[in-house]
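Novice: Right, I'll just put the structure down here and ask away after.
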Amino acid sequence: MHVDAYEFGRITIDGVAYAHDVVIDHGRVRKRKKGPSKPRKSEFGHTPLTAAEAIPWKARRIWIGTGAHGGLPVADDVLEEARRRGVDLLVKSTPQLVALINRSLPKDTNLILHVTC
């Protein structure tokens, strides 16, 4: 997998452009469905990533891109669930993660990439 381009609000992965957040689960790209996290928006001022979402837990590690400026809040319940499952999390801004992904994405790593803020 290769991220061909990333700019605020848009990411291109293996030649396909997406104008929304994406989840990559064992190489398959899908839209992030943040609806289950919306009830916690007032708590964070922005819809966070919470454990209520369909997080691709079946991996050794999950890398979370928090947007162009790192604005996506990651709720504590995600961190707690990762610890409980023995999944290593790496949380960085999306541009930082894109550089890491293109340099060397370890096997058995799933991704959640926020494309704005």
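Novice: Could you list, in sequence order, all residues of the range 62-78 that are under 21 Å from residue 43 (Cα atoms) and open to solvent by less than 20 Å² (accessible area, probe 1.4 Å)? Can you show your working first?
Specialist: To start, the set of residues in the range 62-78 that are under 21 Å from residue 43 (Cα atoms) comprises 64-67, 69-78.
The answer is 64, 65, 66, 67, 72, 75, 78.
Residue by residue, here is whether (1) in a strand (DSSP E or B); (2) open to solvent by less than 30 Å² (accessible area, probe 1.4 Å) holds:
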| residue | (1), (2) |
| --- | --- |
| 1 | no, no |
| 5 | yes, no |
| 51 | no, no |
| 55 | no, yes |
| 80 | no, no |
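Novice: Looking only at the range 20-39, which residues are over 19 Å from residue 109 (Cβ atoms) and either open to solvent by less than 70 Å² (accessible area, probe 1.4 Å) or among the hydrophobic types (A, V, I, L, M, F, W, C) (or both)? Spell out how you get there, then give the answer.
Specialist: Of all residues in the range 20-39, those over 19 Å from residue 109 (Cβ atoms) come to 20, 31, 33-39.
Correct list: 20, 35, 36, 37.
Novice: For residue 17, work out the one condition from (1) of a type outside the set (Ser, Thr, Tyr); (2) part of a strand (DSSP E or B); (3) surrounded by 13 or more Cβ atoms within 10 Å (Cβ to Cβ) it doesn't fulfil.
Specialist: Of (1) of a type outside the set (Ser, Thr, Tyr); (2) part of a strand (DSSP E or B); (3) surrounded by 13 or more Cβ atoms within 10 Å (Cβ to Cβ), only one is false for residue 17: (3).
Novice: I'd like to check something: does the range 65-77 contain any residue that is assigned to a loop (DSSP other than H, G, I, E, B), among the acidic types (Asp, Glu) and touching a residue at least 24 places away in the same chain (Cβ under 8 Å)?
Specialist: Taking the range 65-77 first, the residues assigned to a loop (DSSP other than H, G, I, E, B) are 67-73, 75.
Narrowing further to those that are among the acidic types (Asp, Glu): none.
Looking for residues that are assigned to a loop (DSSP other than H, G, I, E, B), among the acidic types (Asp, Glu) and touching a residue at least 24 places away in the same chain (Cβ under 8 Å), one finds none in the range 65-77, hence no.
Novice: For the list (1) under 17 Å from residue 26 (Cα atoms); (2) open to solvent by 40 Å² or more (accessible area, probe 1.4 Å), I need the number of the one condition that residue 97 fails.
Specialist: Here residue 97 meets the rest and fails (2).
Novice: Separate question: Within the range 92-114, can one find any residue that is among the hydroxyl-bearing types (Ser, Thr, Tyr), part of a strand (DSSP E or B), farther than 16 Å from residue 4 by Cα and in contact with a His (Cβ under 6 Å, 6 or more places away or on another chain)?
Specialist: Pass one, the range 92-114, residues among the hydroxyl-bearing types (Ser, Thr, Tyr): 93-94, 104, 109.
Checking the rest, the ones that are also part of a strand (DSSP E or B) come to 109.
From what is left, the residues that are farther than 16 Å from residue 4 by Cα are 109.
Now narrow it down to the ones that are in contact with a His (Cβ under 6 Å, 6 or more places away or on another chain): none.
Among the residues of the range 92-114, not one is among the hydroxyl-bearing types (Ser, Thr, Tyr), part of a strand (DSSP E or B), farther than 16 Å from residue 4 by Cα and in contact with a His (Cβ under 6 Å, 6 or more places away or on another chain), which makes the answer no.
The values are calculated or read from the model by the stated rules, or taken from the named source; none is laboratory data. Keep in mind the model is a prediction, meaning the values are calculated, not measured. For neighbour counting, all protein chains shown are included, and Cβ atoms are generated from backbone atoms with ideal geometry for every residue, glycine included. In case anyone asks, the SASA skips ligands and DNA or RNA and just uses the protein heavy atoms, side chains included. Shrake-Rupley method; radii C 1.70, N 1.55, O 1.52, S 1.80 Å.
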